[in-house]
Structure formats: structure tokens, C-alpha cells
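Worksheet for the structure shown next.
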């Protein structure tokens with residue numbers, strides 16, 4: 001009996017300075033037999049076992065890497081923003097699982113990777129963030145992070161050479177003005193720490209326009225384009 005499937009959708013991303021879409025953010029989805037879809041919170045959420053979280057994250061990465069290899073073989077020149085749950089690297093066993101799946105990827109694909117670290121705690125030290133980042137450093141230098149909603153100081157991400165910090169607009173409560181205020185505050189802290197702004201799931205053109213004025217590294221959402229099931233422009 002078909003209980004459903006796990007797949008990846010690819011959200012087109014507007015990259016600062018790019019004339020065309022050449023970046024896609026990878027969205028893990030579980031689709032039930034009757035067509036219901038559940039996102040990363042279900043597919044990659046931590047359920048109490050670090051190694052299990054790492055194994056599920058590794059399975060998602062393998063799906064993404066398979067599609068990336070195929071896209072590059074077909075001549076596409078794309079980058080992919082790939083999700084990694086910080087909890088998956090919270091102990092040596094989990095970190096080894098994540099390291100090993102990156103080690104499977106052909107070296108010519110490394111330049112296409114941007115790592116999106118999510119599910120971070122409120123307080124992150126340089127040591128703890130380094131422990132998360134180091135297992136993937138041989139494969140890319142490009143990292144962005146989702147600070148916890150209660151984190152007010154982004155210094156640690158700058159100190160660990162992250163490229164930027166991401167705000168998922170789906171997590172911001174309120175109407176248009178309230179969302180714009182939240183994004184403005186987030187951008188101000190990112191800029192203060194010389195981190196690029198990354199905006200995910202922008203709900204409307206006003207948010208996209210604001211992100212553009214602030215030279216956001218990456219912006220995705222409905223005004224940019226619907227997610228697709230192949231990472232091709």
C-alpha cells in the first residue's frame with residue numbers, strides 16, 4: 001500500500017546582482033497517498049534521537065545531490081541552498097553521518113552548494129557553531145543561518161564567517177506592516193554585523209522590494225516564483 005513519498009521541491013531564488021534565476025532553495029516535502037503535503041518541520045524535525053535526525057537529513061541531502069548532479073550534467077549552472085538541521089550535528093555520531101553524505105558528492109558539485117543551518121538554539125557560542133559547521137567545511141565555504149527568533153545579537157555568525165542570516169516570513173506574525181517592521185529589525189541587526197540578508201517565503205511584492213533595496217543575498221517566495229520539482233531554470 002502506498003503510504004506516501006518524500007520529495008524535494010525547488011524554490012526559485014533571486015540572488016543579489018543576478019539577471020536571471022540561478023539559485024534554488026531546496027524544500028523537503030512528505031506527500032501522503034491522498035496528496036497532502038508536509039514540509040521540513042515534519043520531514044527534518046528533531047524527534048529526540050540525534051542520529052535519527054542526522055539519518056533523515058542525510059536522506060534528504062542524497063535526494064538533492066542526485067538532482068544536482070543530473071542538472072549539472074544537463075548543462076545547467078545552478079546553486080542549491082540545502083537545509084541542515086543543527087541538531088543533526090549535535091554529537092559525533094550525527095556529525096559523522098552528515099559529513100559522510102557530503103563526502104559522497106562529486107567534487108565538481110561543491111561550488112554549487114549553500115548550506116542553510118536551521119533549528120538553532122537561542123544561545124549559540126563560537127565553539128558550538130564551529131562544531132556544527134566544521135564537518136561540512138571541506139565541501140563548501142558558503143553558510144547561512146536561521147537565528148532563533150529570540151536571538152538578538154548575530155555576532156557569532158559573523159565571527160564564524162557565515163555569509164548571511166535568513167528570516168522565514170512564514171514565521172513572522174501579523175499583517176503587511178508588522179511583517180515589514182520585523183524584516184527591517186532583522187536586516188538592521190544583520191547589517192550591523194556585516195551579514196547578508198536572506199528572505200524566505202516573501203509573501204508579497206512589498207517585502208521583495210524592501211529586500212531588494214537592502215541588497216539581500218537571496219530572496220524567495222510567491223512573487224519570485226512557485227517551487228518546482230526539478231532544479232532547472
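Values quoted throughout were computed directly from the atomic coordinates according to the rules given, and no laboratory measurement underlies them. Keep in mind the model is a prediction, meaning the values are calculated, not measured. Here Cβ is always computed from backbone atoms with ideal geometry, including for glycine, and neighbour counts include all displayed protein chains.
Brief remarks follow.
- Look at where the Cα atoms of region 67-106 and of region 160-213 average out, and the two centres are 25 Å apart.
- Estimated inter-spin distance, residue 49 and residue 63, nm [label 7 Å along Cα→Cβ]: 1.9 nm
- The order of the peptides 22-28, 149-155 by mean Cβ neighbours within 10 Å, most packed first, is 22-28, 149-155.
- Relative contact order of the chain, pairs being alpha-carbon contacts under 8 Å that are 6 or more residues apart, as %: 21 percent
- One equal scatterer on each Cα of the chain, no solvent, Debye formula: the resulting log10 I(q)/I(0) at q = 0.16, 0.17 Å⁻¹ is -1.21, -1.37.
- Summarising the strand pairing of the chain, around 40 percent of its internal DSSP beta bridges are antiparallel.
- Anisotropy class of region 95-231 from Cα gyration tensor, a/c 1.5 cut: oblate
- Relative contact order of region 111-233, pairs being alpha-carbon contacts under 8 Å that are 6 or more residues apart, as %: 20 percent
- Peptide packing for 157-165, 127-135, 39-47, 83-91 was compared via the average number of neighbouring C-beta atoms within 10 Å per residue; ordered from the highest value, the list is 83-91, 157-165, 127-135, 39-47.
- Highest-fluctuation residue, 50, 126, 207 considered, GNM on the chain with Cα pairs under 10 Å: 126
- Distance histogram in 10 Å bins (all Cα pairs of region 4-112, percent per bin): 14, 41, 34, 11, 0
- For region 162-233, alpha-carbon Rg relative to the globular expectation (2.2 N^0.38 Å, N residues): 1.09
- In region 1-56, Cα pairs under 8 Å separated by at least six residues give a relative contact order of 28 percent.
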